[in-house]
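Asks: Have a look at this one.
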Amino acid sequence: MDGWDGTYKGRDLPPDVYGFFMRVDCPTGDDVQTQGNISLLK
């Protein structure tokens with residue numbers, strides 16, 4: 001894999017700042033949460 005090509009569902013995404021929130025329930029019972037921003041530059 002060479003990396004992400006800047007598309008989502010086959011369509012090009014415009015350069016922008018995208019926010020994300022991630023929550024993971026681990027098998028150990030831990031609950032991990034994080035959030036942030038990703039800048040897409042082309």
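Asks: Here are some residues: 25, 5. Which one is modelled with pLDDT under 95 and of a type in the set (Asp, Glu)?
Replies: Working: 25 fails: modelled with pLDDT under 95.
The unique qualifying residue is 5.
Asks: Now, a different point. For the range 16-42, which positions are small (Gly, Ala, Ser) and closer than 21 Å to residue 6 by Cβ? Reasoning before the result, please.
Replies: From the range 16-42, those small (Gly, Ala, Ser) are 19, 29, 36, 39; that's our starting set.
If the condition is that a residue be small (Gly, Ala, Ser) and closer than 21 Å to residue 6 by Cβ, then 19, 36, 39 are the ones that fit.
Asks: Moving to a separate point now. Residue pairs, Cβ under 8 Å, 6 or more apart or interchain, first in the range 10-28 and within 17 Å of residue 42 (Cα to Cα) and without any contact (Cβ under 8 Å) to a residue 60 or more places away in the chain, second in a loop (DSSP other than H, G, I, E, B) and among the aliphatic types (A, V, I, L, M). List them.
Replies: Short answer, once both residue conditions are applied: 15/41.
Asks: Now for a separate question. Could you tell me which numbered condition residue 19 fails, if it satisfies all but one of (1) over 14 Å from the mean Cα position of the chain (by Cα); (2) at pLDDT 90 or above; (3) not hydroxyl-bearing (Ser, Thr, Tyr)?
Replies: All conditions are met except number (1).
One line per residue, one yes/no per condition, for (1) assigned to a strand (DSSP E or B); (2) touching a Lys or Arg at 6+ places or on another chain (Cβ under 8 Å); (3) surrounded by 10 or more Cβ atoms within 10 Å (Cβ to Cβ):
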| site | (1), (2), (3) |
| --- | --- |
| 2 | no, no, no |
| 5 | no, no, no |
| 19 | yes, no, no |
| 24 | yes, no, no |
| 29 | no, no, no |
| 33 | yes, yes, no |
| 36 | yes, no, no |
| 39 | yes, no, no |
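The values are calculated or read from the model by the stated rules, or taken from the named source; none is laboratory data. As the structure is a prediction and not an experimental result, all values here were calculated from the model. Because the Cβ atoms are built from the backbone with ideal geometry, glycine has one as well, and the counts that use them run over all protein chains shown.
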